[in-house]
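The values are calculated or read from the model by the stated rules, or taken from the named source; none is laboratory data. Fair warning: this is a prediction, and the values are worked out from it, not measured in the lab. All Cβ positions, glycine included, derive from the backbone under ideal geometry; neighbour counts span all protein chains shown.
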Amino acid sequence: MKTCIQVLRIFCVSLFLLPATPSLASDIMIGNAWIREMPHGAEVAAGYLDITNHGAVADRLIGAEASGAMSAMLHQMTTDDNGVMRMRHLEGIEIPPGETMSLAPGGYHLMIVGVREPYEAHSDIEVTLIFEHAGTITTPFFVGHHARANHDAAHSPTMNHEQGHNMEQMQHDENHEQTTDD
Ligand SMILES: [Cu+2]
């Protein structure tokens with residue numbers, strides 16, 4: 001009996017590893033996916049999105065790949081007691097069943113490194129998200145100052161928005177030892 005279950009498990013796991021896993025069959029829904037417009041000369045970009053889990057069990061975002069970039073990592077921004085913001089590498093981000101996890105400025109984000117040609121503003125960049133259960137989901141990320149849905153709305157960025165942006169950029173540069181040609 002045990003062997004049967006084990007065989008079944010292996011079979012299930014191998015199903016998840018199939019590259020052609022259709023995203024339609026997935027319980028995971030992606031929304032508001034965007035990449036922060038890149039400053040001139042930058043090779044690092046931050047990606048944000050909302051992940052909703054419509055399934056009955058928890059899933060985990062465990063990796064990502066962005067077109068035109070060397071790699072994409074999962075990061076979390078935290079602020080310590082002295083108000084210093086830090087970047088933390090994460091092995092995964094859990095999405096509990098029935099919940100939406102937001103990767104947003106000041107918190108979780110995709111850290112896209114080694115961008116070969118800076119992403120053009122207002123273009124769409126294909127990003128493949130890798131989930132423990134749902135497999136891979138490839139979806140376009142809008143390059144701008146916020147998700148596409150809000151893009152045509154009044155441009156009134158709050159102080160926090162801009163502050164978060166600048167500090168995040170600074171911290172990234174420090175952490176990844178980015179060299180810019182300025
Ligand atoms: Cu980061």
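I'd like the full set of residues that are closer than 16 Å to Gly68 by Cα and within 15 Å of the ligand (Cβ to nearest atom), limited to the range 96-126.
Selection gives Leu110, Met111, Ile112, Val113, Gly114, Val115.
On inspection, Ile125 qualifies as assigned to a strand (DSSP E or B), crowded, with 20+ Cβ neighbours inside 10 Å, β-branched (Val, Ile, Thr) and modelled with pLDDT of 95 or more. Look at (1) surrounded by fewer than 16 Cβ atoms within 10 Å (Cβ to Cβ); (2) at pLDDT 95 or above and you find that Asp182 fails only one, number (2). Which of the residues spanning the range 63-120 are surrounded by fewer than 13 Cβ atoms within 10 Å (Cβ to Cβ), under 13 Å from Glu43 (Cα atoms) and under 15 Å from the mean Cα position of the chain (by Cα)? Selection gives Met70, Ser71. Within the range 53-72, restricting attention to residues that are of a type outside the set (D, E, K, R) and farther than 20 Å from Pro140 by Cβ, which residue is nearest to the ligand (Cβ to nearest atom)? Restricting to residues being of a type outside the set (D, E, K, R) and farther than 20 Å from Pro140 by Cβ, the top hit is Ile62. Residues considered: His40, His146. Of these, the only one that is more than 21 Å from Ser26 (Cα to Cα) and surrounded by 16 or more Cβ atoms within 10 Å (Cβ to Cβ) is His146.
Quick one: which residue in Glu65, Glu94 is more than 17 Å from Val127 (Cβ to Cβ), part of a strand (DSSP E or B) and at pLDDT 95 or above?
Working: Glu65 fails: more than 17 Å from Val127 (Cβ to Cβ).
The unique qualifying residue is Glu94.
In the range 31-52, how many are under 14 Å from Thr128 (Cα atoms) and within 16 Å of the ligand (Cβ to nearest atom)? Going through the range 31-52 one residue at a time, the tally reaches 5.
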